[in-house]
Amino acid sequence: MYERYHLHTDPAPDLRAHPNRFRVRVKKQGLASFLIRELIQYRGNKKIITSRPCVYGVFSGPIGGFAPRPHLCVGCLRCTTQHPEFVQILPNPERQQLGDSYLTPEYAETIHYEAQTGRVPVKGAGFRGPFGGQGWNGMWTDMSEIVRPTRDGIHGREFISTAVDLGPKPPFLAFDERGALKEHIPETLSLPLPILFDAPPAAALSEKFAQILSAAAQEAETLLILPAGAIKKFSIFGKAIVPLVSRGDTRVFGNFPFEPCMIELDGWDEGLNHHAQSRFPKSIICLRVGAVSKEELLRCFHAGIRVFHLAANYHGRGPDGRFMLDLIREAHGIFVDIGCRDEVTLLGSGGIVAAEHVPKAIIGGLDAVALDTPLLIALQAQFGGECTDRMTSRFRVPAQLKTDWAIQRIKNLLASWRDQLLEVLGAMGLREVRRLRGEIGRAMFQTDLEREAFSGIEGYGS
Ligand code: SF4
């Protein structure tokens, strides 16, 4: 029986207190002498003396400014502007450890909110991020199709599908004279969400963490890519698991007691591909690639690969330093040019750290994305410096991780990101996410717009 896809959300409060945005430093001596001066000047008039506290209540605790409450500080800087001699507002260095130079503390805070509540973060003050910039910020989506209230995002009466199909698709159907299909149609895998979980970083890959991701993937009806060695070591099997295999894993994954619905090859290897196909004939074979090379993609396509996973680093950069969006557009364009884009599935991971990056990546040409660092942030893991690479990055996952809590946090995150995807689709008047793929006409690029507006003007591009 048909059931509408639904992710159950439930509040999952933080395990440990979130670091404050600011540190409030008050020199007690300076404050005391200021208060004494005020007492004398206003002859003990308490009403006047206490009439200029922080309106956010930072100095409204039982002993006022002697024990400030920094968690209430919003950084308006009024206090330090008025009394620079004894009040200082400083960024909290602990907050910087929430992320790194790419996954900034602002992204991390948004993910925390989404994982805590499962809701769309609406601040009521409009978009406070940059209107342009590098990477995803240089791409804007066109929402000018808000014409159908019934198809209005999350709350519309018309259902918007977020389902995607992974796997080989025939270029066309051929029928014989009796109207029967001439050829066998290959199996595809339908996911209700264009979001998978990528292989966790080596530093965070414990048995418990892998089990949490596996259970969350199962509940969300999506897939978890897991290195073959970890699958064997932790005995984590099931439909949601996609083994990530490399040449040395032939024996390990050959002995798996389950038939994975998809197997991901870590780089092209003809022998490995042949082994995977003969050992698990029903499994879809996916190829993980770093760099986008036309020759290599086409060679693998002609060798029978129909699912490609473009894996950039955690900062969304490929081996040649290009950003994820450019890699996606190039790979998509290669298959469009030879007329076989509908036959292949493109997955992508790396640098996707906000809900808005999902529709942007799909508009660029992906069918679905695979999440990496946002899953760690959702579970309140901390970054140990700059984290760019799956094998070398350091993360500190909370030791007291509770399984049910962690699964709920991931489900909340997915539900929030799905709702935001629905909003984008609704605003574009689209009924399903499949139609968003490669819809580059729905996007504007800062570089293109600037070129159109300013090229020919002296100084442009210099
Ligand atoms: S910076 Fe603003 S919010 Fe923070 S303590 Fe000072 S007055 Fe209050």
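A quick yes/no check of all residues on (1) crowded, with 24+ Cβ neighbours inside 10 Å; (2) touching a Ser or Thr at 6+ places or on another chain (Cβ under 9 Å); (3) in contact (Cβ under 8 Å) with a residue 40 or more places away in the chain:
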{"position": "GLU343", "(1), (2), (3)": "no, no, yes"}
{"position": "ILE363", "(1), (2), (3)": "yes, yes, yes"}
{"position": "ASP367", "(1), (2), (3)": "yes, yes, yes"}
{"position": "LEU376", "(1), (2), (3)": "yes, no, yes"}
For the stretch 51-85, give me each residue that is of a type in the set (Ser, Thr, Tyr) and closer than 22 Å to PRO19 by Cα. TYR56, SER60, THR80
Taking the condition of being open to solvent by 20 Å² or more (accessible area, probe 1.4 Å) and of a type in the set (Val, Ile, Thr), how many residues in the stretch 425-448 meet it? 2
Residue check: is PHE34 open to solvent by less than 70 Å² (accessible area, probe 1.4 Å), aromatic (Phe, Trp, Tyr) and farther than 30 Å from LYS402 by Cα? yes
Is there any pair linking a residue in the stretch 72-101 that is closer than 30 Å to ARG396 by Cβ and modelled with pLDDT of 95 or more to one that is more than 10 Å from the ligand (Cβ to nearest atom) and among the acidic types (Asp, Glu), with Cβ under 6 Å and at least six apart or on different chains, and which? none
Can you pull out the residues in the stretch 351-373 that are over 8 Å from the mean Cα position of the chain (by Cα), part of a loop (DSSP other than H, G, I, E, B) and aliphatic (A, V, I, L, M)? LEU366
Sort through ARG119, ARG37 and tell me the only one that's in a helix (DSSP H, G or I), more than 16 Å from the ligand (Cβ to nearest atom) and not aliphatic (A, V, I, L, M). ARG37
So GLY133 clears everything in (1) in contact (Cβ under 8 Å) with a residue 60 or more places away in the chain; (2) in a helix (DSSP H, G or I); (3) under 30 Å from ARG394 (Cβ atoms) except one condition, right? Which one? (2)
For the stretch 15-26, name all the residues that are surrounded by 14 or more Cβ atoms within 10 Å (Cβ to Cβ) and assigned to a loop (DSSP other than H, G, I, E, B). LEU15, HIS18, PRO19, ASN20, ARG21
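Rundown of residues vs (1) within 9 Å of the ligand (Cβ to nearest atom); (2) open to solvent by 50 Å² or more (accessible area, probe 1.4 Å); (3) closer than 28 Å to GLY384 by Cα, yes/no style:
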| position | (1), (2), (3) |
| --- | --- |
| TYR42 | no, yes, no |
| PRO53 | yes, yes, no |
| PHE59 | yes, no, no |
| ILE63 | no, yes, no |
| LEU72 | yes, yes, yes |
| HIS83 | no, no, no |
| ALA108 | no, no, yes |
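The values are calculated or read from the model by the stated rules, or taken from the named source; none is laboratory data. Just so we're clear, the structure is a prediction, and the values are computed from it rather than from any experiment. With ideal geometry, Cβ positions are generated from the backbone for all residues, glycine too; neighbour counts draw on all protein chains shown. The accessibility values were calculated without ligands, DNA or RNA, using every heavy atom of the protein model including side chains. Shrake-Rupley method; radii C 1.70, N 1.55, O 1.52, S 1.80 Å.
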